[in-house]
Amino acid sequence: LKMSWFWLYLPLHLLTATCLCNSVKAPTTSSQQSFKSNLFNFYHSLILADGKETTIHLLKDIPKRYYFVLEEGRALAPFSITVTPCDVPIEWSILVYKSPPGKATPGDRDTQEVSKSHKASSMVSTIFNYKGNSVETYMGMSSHSALYLLEFLSTERDTHITVYLTTDTTSGHLYPELPTDPRIDVIGIGHTTVTLAWKHSPSVLQHRESIQYCLLVNEKHNYKSLCAAETAIRSSGMKLPPTLALSLSPYLLEPQQVMILSNSELSIINKVSSGEVRQVCVGTKNTYTVPSLSPSTQYYFDVFIVNLLTNASAAYTGTFARTLEEPEPKVTELKDGKVIHVVLDGKKQKFYSLQYQARHKKIHFTFQLCRGQIRVHITRNGKTMASENLSGLRYFSLKGKLLDTYSVQLRSTEESNSSVKVLASPHFHKPLFPLLPESLKIKSFSKLRTCRSVTIAWLGTQEESKYCVYRKRIEEDQVWRELQSADRCSGPESRHKSEKVLCKYFYDLNLQRAVTTETIKGLEAGTLYLFDVYLFGPSGIPVRYHSKVVKTRKKC
């Protein structure tokens, strides 16, 4: 079946004449006005392309019309139209303008008198109409030449839709096929995970290389199409690449997006005002465990089967699930002057609770962050006293009454392991941890670098303390791992003896001059070194400065 472009090039007044040929008598006034009104629609219509998905923008309360022509080429001519609303519900309908029958015979004047007034109005009929935001497909069959008019209307707000017309129903589909049961099954629910499964699309079995499943997770509602999901994310105040299947590239990410690559699965997390919208493309796997969800939270899950060659997609029937409540953490009692080392597994155990009963009015809490990211929340008799993210060494001095109950909750804010040392004591004048400088950064001097030496500097305090310097030779590919995995609570006892450079004491009552430098010699040219400085207080508990990586010069 082919499009009859000859009809489209005819002037519309000739088309009108063609439709009314052989009429001896004009139609009745009402029929004539109705027919003229319908034909007037063509003057404000556009041609709808065959075999191509067309994006149409609709203005509120302003109808938009497209038309196409089917030419008589065989006994029955099939065609299909798929309309995908990308936001609010719309109204759309299909009208058909059929060619009139052949010429009437001259002797049939009585028959003409009866039928001609009826002919004009019967040539136009509405064969389909729909209102809603679901993806709808109309499949029709034409047995003669006809003009078809599609009318679209949005009554809520400006929006856009996609329309796909095809008259070739034998050479495959633009949209991937859904299985006979397109539901998504929830087969497992945890505190922070939900496991989903769905039946394979027939398209995956036929075109595995060009088809993949993409999953969308959000906290608002399900979406009936991929373009509806993209429109919702974009309307939340952020820009979104136009097609999910082709947008998973780092250079296309916006500042509000985070990309995660894990086990060959590419995820994009969009930080929007209404919460987190997560997109994951999982290839041709039909099961997936969504990780890193919040406990006791309802999530909505949508699966889309996407054709990577055409960008076309089809939506499974969305589902939802509520994650389990976080179990009550075990409570550990804090004792005066005793340091507790807490290790949190970011994947399994994210919370840890400590409790302390005051035997003095004034209490001092000390936290030394060893690894990772941890947030601390301190309450006294149920009332919040402090809540913040830990960094380095942090002191809290609180004043209350005897026998007040303090609760300390520690929460890991990342998936990797985190650890912290905690101390509660009424005696702040006898701290176990050393007095700290304003910054724990180590500085290196590029101009003082040579092939065999490096000069570093660090800040001290007004209190005389012991500082020990260690060095370690590393490779280029070890830098990130060494810096991320460093335990800031571990002391020199974890280092090899050969890594020790020197130990020294120093202080200065004037903090502006409390700076020391050290030139480390005997190094190899063009080599990376990791430098660490340990500060020891009166009790002997060390504090580790932030590691510094420096490369010696290749040529001197």
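Heads up, I need the accessible area for Asp345: 1.4 angstrom probe, whole protein in place, Å², nearest 10. The accessible area comes out at roughly 50 Å². Here is the tail figure for segment 454-523: Cα pairs spaced more than 14 Å apart come to 68 percent of all pairs.
Pairs of lysines in segment 331-425 whose Cα atoms sit within less than 14 Å of one another amount to 8, provided the residues are eight or more positions apart or on different chains. Under 18 Å of direct C-alpha separation, and excluding same-chain neighbours fewer than eight residues apart, Lys220 reaches these aspartates and glutamates: Asp87, Glu230, Glu276, Asp302.
Straight-line cross-link partners of Lys551 among the aspartates and glutamates, defined as a Cα under 19 Å from its Cα and at least 8 positions apart when in the same chain: Glu475, Glu476, Asp477, Glu482, Glu499, Glu518, Glu524, Asp532.
In plain terms, the C-alpha convex hull of segment 382-508 casts an average shadow of 11.7 nm² when viewed from every direction. Take Arg495: with every protein chain present and a 1.4 Å probe, its accessible area is about 40 Å².
To the nearest 10, the accessible area of Leu226 is 10 Å² with a 1.4 Å probe.
Its alpha carbons considered, segment 331-425 gives a radius of gyration followed by a Dmax of 12.7, 39 Å.
With both labels modelled 7 Å from their Cα along Cα-to-Cβ, the Lys131 to Glu476 distance reads 6.6 nm. Shown are Lys500, Lys555, whose ranking by accessible area with a 1.4 Å probe and every protein chain present, most to least, is Lys555, Lys500.
The values are calculated or read from the model by the stated rules, or taken from the named source; none is laboratory data. Just so we're clear, the structure is a prediction, and the values are computed from it rather than from any experiment. Using ideal geometry, Cβ is built from the backbone for each residue, glycine included, and neighbour counts are taken over all protein chains shown. Areas reflect the complete protein model, heavy atoms only, side chains present, ligands, DNA and RNA absent. Shrake-Rupley method; radii C 1.70, N 1.55, O 1.52, S 1.80 Å.
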